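Q: Here it is: the structure, laid out below.
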Amino acid sequence: AQSVTQPDIHITVSEGASLELRCNYSYGATPYLFWYVQSPGQGLQLLLKYFSGDTLVQGIKGFEAEFKRSQSSFNLRKPSVHWSDAAEYFCAVVREYGNKLVFGAGTILRVKS
Amino acid sequence: DVKVTQSSRYLVKRTGEKVFLECVQDMDHENMFWYRQDPGLGLRLIYFSYDVKMKEKGDIPEGYSVSREKKERFSLILESASTNQTSMYLCASSFPGTGNYGYTFGSGTRLTVV
């Protein structure tokens with residue numbers, strides 16, 4: 001069965017520093033992968049998605065993610081973090097059957113000034 | 001702007017009550033979903049619906065049921081609320097297919113069962 005692992009429960013970075021959030025998936029075929037962000041008290045917002053083609057995907061708010069099949073990874077990156085990026089981030093993969101997303105446990109990002 | 005609207009942001013209910021969580025979308029999406037979000041567990045799928053009056057169980061359907069009488073509305077029902085159903089509930093919708101459009105989420109309903 002498809003699964004998603006986000007190894008880091010919490011990450012703290014300084015404002016202006018670079019960021020990388022890790023995501024590993026378990027899936028036999030080419031996966032459809034997503035990153036979502038959840039600000040406090042809000043629903044989830046789609047940051048970016050990968051279906052095929054270029055393995056480096058650009059998203060909103062200056063985020064990007066790179067799909068690496070050999071490592072079964074889809075890590076999220078941002079070159080310079082802003083205080084407003086503090087939120088919880090979820091990686092997700094589409095299930096093999098049907099339009100259902102499987103989510104990782106999430107990574108909480110804290111930004112220190 | 002497209003929206004998924006959940007009728008309540010916060011709810012407090014008593015053990016044993018029948019609870020209705022309502023979700024409405026204005027995007028003419030065929031698919032609608034109910035997830036439960038708990039710290040350290042991420043989002044877990046309770047039920048989903050791919051058409052009016054059609055539904056399928058997700059990963060944790062026990063203690064829940066759903067209703068979809070109209071395309072835009074998807075209701076989650078807790079038949080007899082229990083304290084272990086205290087959680088954040090998120091509704092989402094999407095077009096059919098293999099995830100080409102991603103999901104649009106509502107803002108969530110934080111339910112406390114006392």
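The values are calculated or read from the model by the stated rules, or taken from the named source; none is laboratory data. Treat the numbers as computed from the prediction; the structure is a model and nothing was measured. Reconstructed Cβ throughout: ideal geometry from the backbone, glycine too, with neighbour counts over all protein chains shown. Surface accessibility is based on the protein's heavy atoms, side chains included, excluding ligands, DNA and RNA. Shrake-Rupley method; radii C 1.70, N 1.55, O 1.52, S 1.80 Å.
Q: Could you check how many residues of segment B:18-55 are in contact (Cβ under 8 Å) with a residue 60 or more places away in the chain and either aliphatic (A, V, I, L, M) or surrounded by 14 or more Cβ atoms within 10 Å (Cβ to Cβ) (or both)?
A: Number satisfying all stated conditions: 11.
Q: Which of the residues spanning segment A:66-81 are of a type outside the set (A, V, I, L, M, F, W, C) and out of contact with any Leu (no Cβ under 6 Å at 6 or more places or on another chain)?
A: A:LYS68, A:ARG69, A:SER70, A:GLN71, A:SER72, A:SER73, A:ASN75, A:ARG77, A:PRO79, A:SER80
Q: Restricting to segment B:72-100, give me the number of residues that are modelled with pLDDT of 95 or more, open to solvent by less than 70 Å² (accessible area, probe 1.4 Å) and closer than 29 Å to A:TYR32 by Cβ.
A: Total satisfying the criteria: 8.
Q: Suppose the filter is open to solvent by 20 Å² or more (accessible area, probe 1.4 Å) and out of contact with any Cys (no Cβ under 7 Å at 6 or more places or on another chain); does B:TYR103 pass it?
A: Here the answer is no, as B:TYR103 does not meet what is asked.
Q: A further question follows. Which strands (runs of 3 or more DSSP E) sit wholly inside segment A:1-84 and have at least 1 residues that are among the aromatic types (Phe, Trp, Tyr) and either under 28 Å from B:MET88 (Cα atoms) or open to solvent by 60 Å² or more (accessible area, probe 1.4 Å) (or both)?
A: Correct list: A:24-26, A:33-38, A:44-50, A:73-78.
Q: Got a number for residues in segment A:1-21 being out of contact with any strand residue (DSSP E or B) (no Cβ under 6 Å at 6 or more places or on another chain) and either under 21 Å from A:VAL93 (Cα atoms) or of a type in the set (Lys, Arg) (or both)?
A: 3
Q: If you go through segment A:48-92 one residue at a time, how many are of a type in the set (A, V, I, L, M) and within 14 Å of chain B (Cβ to nearest Cβ)?
A: Residues that pass the stated criteria total 6.
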